[in-house]
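Worksheet for the structure shown next.
Derivation of every value follows stated rules applied to the coordinates shown; laboratory data play no part. Small disclaimer: the values here were computed from a predicted structure and weren't measured. Every residue, glycine as well, gets a Cβ built from its backbone with ideal geometry; the counts of neighbours run over all protein chains shown.
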Amino acid sequence: MLLFDSHAHLDSIAYPKSVDISNVIAVSVDLKTSLYFSSCSSLSRNLNVYPFVGLHPWFIERNFEFDLTSLRQLIIESGNSIYGMGEIGLDYYHNSSNKIEQQACFEAQIAMAAEFSLPVSVHCVKAFNDLYAILRLSSVNGVIHSFPLKRQEAKRLVSLGLKLGLNPRIITSNMTERHAFYQQFPLSVWVVESDFPNLNRDNVCYDPRLGMLALIKDLALAYGISNEEVAVQIYNTTQQLLMRA
Ligand SMILES: [Zn+2]
């Protein structure tokens, strides 16, 4: 079974080798990680790495305009080795005192993604109304990563043509509720992610493959099709995400 990890952080801990995982989208969180990824397109021989660059809402500095200018330059200079923008977004749970800055920074990055025809990987916590308000004005392609069990929010974002990223954490929710949530959409809406290494616990390195396989099994059960069919669809959806408009 071939897996495509749609969201992982590869800058600090080595991503475990796996025969199943052939492709991974490597997101950045600030200028430093963006610089790192823009200079290395392959971290290992068996893994195709697709670097995304961007400023995560947790790491927006006062002078973020300067970082945005540098990011823009980085995209121009790196030619085709940058595949998207992320992880970008809004997080009012983590910090509700800089909403205006978060919105301005997100809006600017969405505009940049549109300008360069790059897909986006979006982080959103407790900010779905403002997120939708910004995204609906753009035709940008992308995925909302680690999507929670929120039906109305999901419907609105899917109506914009965006994909929803499933994080293994969702499997701890109520199964009946979760499967009903999946079933309101076609399978082509979903991608899966490991969010490596954020699910590591107590210094134990978790295997990104296990979480994604669990998600694929869960989707197969909900849609009444085979694991293999789900895996193929998810792989294709993730690949399409990376195509330049
Ligand atoms: Zn992340």
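The set of residues in the stretch 6-40 being under 19 Å from Ile60 (Cα atoms) and among the polar types (S, T, N, Q) consists of Ser28, Thr33, Ser34. Scanning the stretch 20-31 for residues that are more than 15 Å from the ligand (Cβ to nearest atom) and either free of Cβ contacts under 8 Å to residues at least 60 places away in the same chain or buried (at least 17 other Cβ atoms within 10 Å of the Cβ) (or both) returns Ile21, Ser22, Asn23, Leu31. In the stretch 32-40, the count of residues that are of a type in the set (Phe, Trp, Tyr), in contact (Cβ under 8 Å) with a residue 60 or more places away in the chain and within 14 Å of the ligand (Cβ to nearest atom) is zero.
Only residues that are crowded, with 17+ Cβ neighbours inside 10 Å, of a type outside the set (A, V, I, L, M, F, W, C) and closer than 15 Å to Val143 by Cα were counted in the stretch 162-202, giving 6.
Considering Phe52, Phe106, which residue is touching a residue at least 60 places away in the same chain (Cβ under 8 Å) and buried (at least 24 other Cβ atoms within 10 Å of the Cβ)? Of the residues listed, the single one that is touching a residue at least 60 places away in the same chain (Cβ under 8 Å) and buried (at least 24 other Cβ atoms within 10 Å of the Cβ) is Phe52.
Go through Ile216, Ile234, Ile225 for me and flag whichever is aliphatic (A, V, I, L, M) and free of Cβ contacts under 8 Å to residues at least 40 places away in the same chain. Step through it out loud before you land on a result.
On the way: Ile216 fails: free of Cβ contacts under 8 Å to residues at least 40 places away in the same chain; Ile234 fails: free of Cβ contacts under 8 Å to residues at least 40 places away in the same chain.
Within the list Ile216, Ile234, Ile225, the selection yields Ile225.
The conditions are (1) more than 19 Å from Met1 (Cβ to Cβ); (2) in contact (Cβ under 8 Å) with a residue 40 or more places away in the chain, and Phe196 fails exactly one of them. Which is it? Every listed condition holds for Phe196 apart from (1). Filtered by the rule that a residue be assigned to a helix (DSSP H, G or I) and within 16 Å of the ligand (Cβ to nearest atom), the stretch 173-211 gives Pro208, Gly211.
Applying the selection to the stretch 5-19, what residues are more than 16 Å from the ligand (Cβ to nearest atom) and either surrounded by 14 or more Cβ atoms within 10 Å (Cβ to Cβ) or on the phi > 0 side of the Ramachandran plot (or both)? Steps first, please.
Here is the first cut: in the stretch 5-19, the residues more than 16 Å from the ligand (Cβ to nearest atom) are 14, 16-19.
Passing the criteria: Pro16, Ser18.
For Ala127, indicate whether it is more than 18 Å from the chain's Cα centre (by Cα) and within 19 Å of Ile88 (Cβ to Cβ).
Numbers: more than 18 Å from the chain's Cα centre (by Cα): no; within 19 Å of Ile88 (Cβ to Cβ): yes.
Here the answer is no, as Ala127 does not meet what is asked.
Only a single item in (1) in contact with a helix residue (DSSP H, G or I) (Cβ under 8 Å, 6 or more places away or on another chain); (2) surrounded by fewer than 23 Cβ atoms within 10 Å (Cβ to Cβ) is not met by Ala114, and it is number (1).
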